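The values are calculated or read from the model by the stated rules, or taken from the named source; none is laboratory data. Remember, predicted model here, so these are calculated numbers, not experimental data. With ideal geometry, Cβ positions are generated from the backbone for all residues, glycine too; neighbour counts draw on all protein chains shown. Areas reflect the complete protein model, heavy atoms only, side chains present, ligands, DNA and RNA absent. Shrake-Rupley method; radii C 1.70, N 1.55, O 1.52, S 1.80 Å.
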Amino acid sequence: GKKLGFTFNHRNLHNVSLGQGQEVVAERALDLAAQEGHWVILQNIHLVAKWLSCLEKKLEQLSEGSHRDFRVFVSAEPAPCPESHVIPQGILENSIKITSEAPTGMHANLHKALDNFSQDTLEMCSQEKEFRTILFALCYFHAVVAERRKFGPQGWNRSYPFSAGDLTISVNVLYNYLEASSKVPYDDLRYLVGEIMYGGHITDDWDRRLCKTYLEEFIKPEMLEGELCLAPGFPLPGNMDYNGYHQYIDDALPPESPHLYGLHPNAEIGFLTQRSERLLRTVLELQPRDSSTAQGAVGIQEEMVQALVEEMLEKLPEEFQVAELLARLEERTPYAAVALQECERMNALTAEIRRSLAELQLGLKGELTMTSDMETLHNSLFVDAVPESWLRRSYPSTASLGSWFSDLLARISELEAWTRDFSFPCTLWLGGFFSPQSVLTAVMQTAARRNKWPLDKMTLLCEVTKKSREDFASAPREGAYVHGLFMEGARWDAQAGTITDARLKELTPAMPVVFIKAVPDDKQDTRGLYPCPLYRTRQRGPTYVWTFNLKSKESPSKWVLAGVALLLQ
């Protein structure tokens, strides 16, 4: 304060944590501080988005005639998306901005986690060895869950705001439990940390399973016997002092790699590839496409789009005649109902594609005035992106326009073959449906009707065959053969009939045909099985479809930490 020409003590500070009607308190603090030359700290301004315009006006008024020592500090959490950027431009332009960058890499994250404590912290518990050992394990756990976000959906289905506060509160809970009991309550600690401290942020069931599995691997009786490795080549250290732990991290922690998180090296290839694709697509979208571009270039772009429009309109089949199909249907089975629903949804999508392309074609010929929607469609076609109006009526997909349209034609072809006489396909292309869940539910409904089983007490039995799609000439008597599945994070060993480690650079190896059969809940033996989530795309999260239990010779926890999942694309 003296260097800046004013004195400072705690009486000169007004600290206001916003939220729950604290806006009036903040305004009073600002008025008083402006007169007396005090400091005001406004915390969590992102929680009072509607009041920020008032704050902007208030600061503008106080910028003139206030005490020379008057200062205002504001803090906010980072916004998860551009739509959440709520801080007014005036506040941003007139302020000095400081950001707290999260550390990158396990080495920096582990040091940062340990920095939340001191030698005094390590000495405060009567059960010193147990406290220090578990504290270090919690620091590693915190570093893992924070840095795992960089691997995208294979790391976490959703991104969570884990903070240093979660770690420090967990250590406080650890201290209280150890002081109250002579034995280490492992189950209680895992529950409190995994379900409350960190689990309180988690909204996805599969992410909750991952958090729980990490704690089961890191916090268990073996940790006090020197037999626990937090990662390959990184044993949990014993009883050390504070500086000793920092030195141990520098000396013993292996180089940065997905192995430190329980992931396969392919996970790094995958997320770096996706990051590069996003960067290049952004660069492509920034290319000028307006009238300021050279006239020749504009002409070439329009010719390219015109040719693409004509090609797509020519290849797009006619709509399904649902009324005729319904008239030809002898019995409305669950499978037939699925086929008709798929036809209706496909009609809605192809009708929109045909309408929008025909409209754009007329606009390019000069017979219609180009609207904003037509311009948006034109730009999407030029950069090989699926137009937004099509996506709204479509299915989740991460493909570019060319791949997406080829996939659409393949889906239509499969649906045409099925509805020709409504005979059940030899093998189902599960990824070719708008609603894969409806097909799997139909398998259960058919079995329930045939065997008079209660539908709510049934489950799907999953058996991976050793055959490909071409090896099947007829559908099974019950259940269904399913093809078109891929595995991420591992691969299927067809000879051994189990999940095994993936080969390097094979990111999503194809699965053999899978036999799906409905059985009562109590008939399924879950021993030696890994409950594997099935998603529609590599984005995971909201694209979840079903859970298939796959055979595994190794502990299922290995595949949980590796983020192993089945994909339909």
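Below, the figures for the structure above:
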{"item": "Listed peptides 375-382, 533-540 by packing density, highest first (mean Cβ within 10 Å)", "result": "533-540, 375-382"}
{"item": "Segment 453-511 pair-distance distribution - Cα-Cα, 10 Å bins, rounded %", "result": "18, 42, 27, 12, 1"}
{"item": "Per residue, in Å², the accessible surface of segment 112-253 once ligands and nucleic acids are set aside, probe 1.4 Å", "result": "42"}
{"item": "Centre separation in Å (Cα based) which lies between segment 111-143 and segment 163-235", "result": "12"}
{"item": "Computed E for Lys97/Ser406 - FRET, C-beta separation, R0 35 angstrom, nearest 0.05", "result": "0.15"}
{"item": "Value at 222 nm in deg cm²/dmol, rounded to 500, when DSSP H runs of n ≥ 4 in the chain each add -39,500 (n - 2.57)", "result": "-14000 deg cm²/dmol"}
{"item": "Degrees between helix 52-62 axis and first principal axis of the chain (Cα, 0 to 90, nearest 10)", "result": "30"}
{"item": "Relative contact order, percent, segment 2-94 [alpha-carbon distance under 8 Å, six or more residues apart]", "result": "30"}
{"item": "Inter-label distance, nm, simple model (7 Å from Cα along the C-beta direction), Lys517/Ala79", "result": "5.5"}
{"item": "Theoretical FRET efficiency, 1/(1+(r/R0)^6), r = Cβ-Cβ of Glu222 and Glu470, R0 60 Å, to 0.05", "result": "0.80"}
{"item": "Nitroxide proxy distance, nm - points 7 Å out along Cα→Cβ at Lys129 and Glu36", "result": "5.5"}
{"item": "Global geometry of segment 249-374, whether rounded, prolate or oblate, following the gyration tensor of its Cα atoms and the 1.5 cut on a/c", "result": "oblate"}
{"item": "Solvent accessible area, Å² - Arg345, 1.4 Å probe, full protein context", "result": "110"}
{"item": "Kirkwood-based shape ratio for segment 149-308, expressed as Rg/Rh from alpha carbons", "result": "1.21"}
{"item": "Among [x] 1.22; [y] 1.08; [z] 1.77, the entry that matches Cα Rg over 2.2 N^0.38 Å as calculated here", "result": "[x]"}
{"item": "Sorted peptide list for 206-217, 273-284, criterion being average Cβ within 10 angstrom, highest first", "result": "206-217, 273-284"}
{"item": "Length added when fully stretched, Leu329-Thr398, from 0.36 nm per residue minus Cα-Cα", "result": "21.3 nm"}
{"item": "Rounded to 10°, Cα long-axis angle of helix 401-419 versus longest principal axis of the chain", "result": "50"}
{"item": "Most to least packed among 173-182, 363-372 [average Cβ atoms within 10 Å]", "result": "173-182, 363-372"}
{"item": "The chain: relative contact order as a whole-number percent, Cα under 8 Å and 6+ apart", "result": "11"}
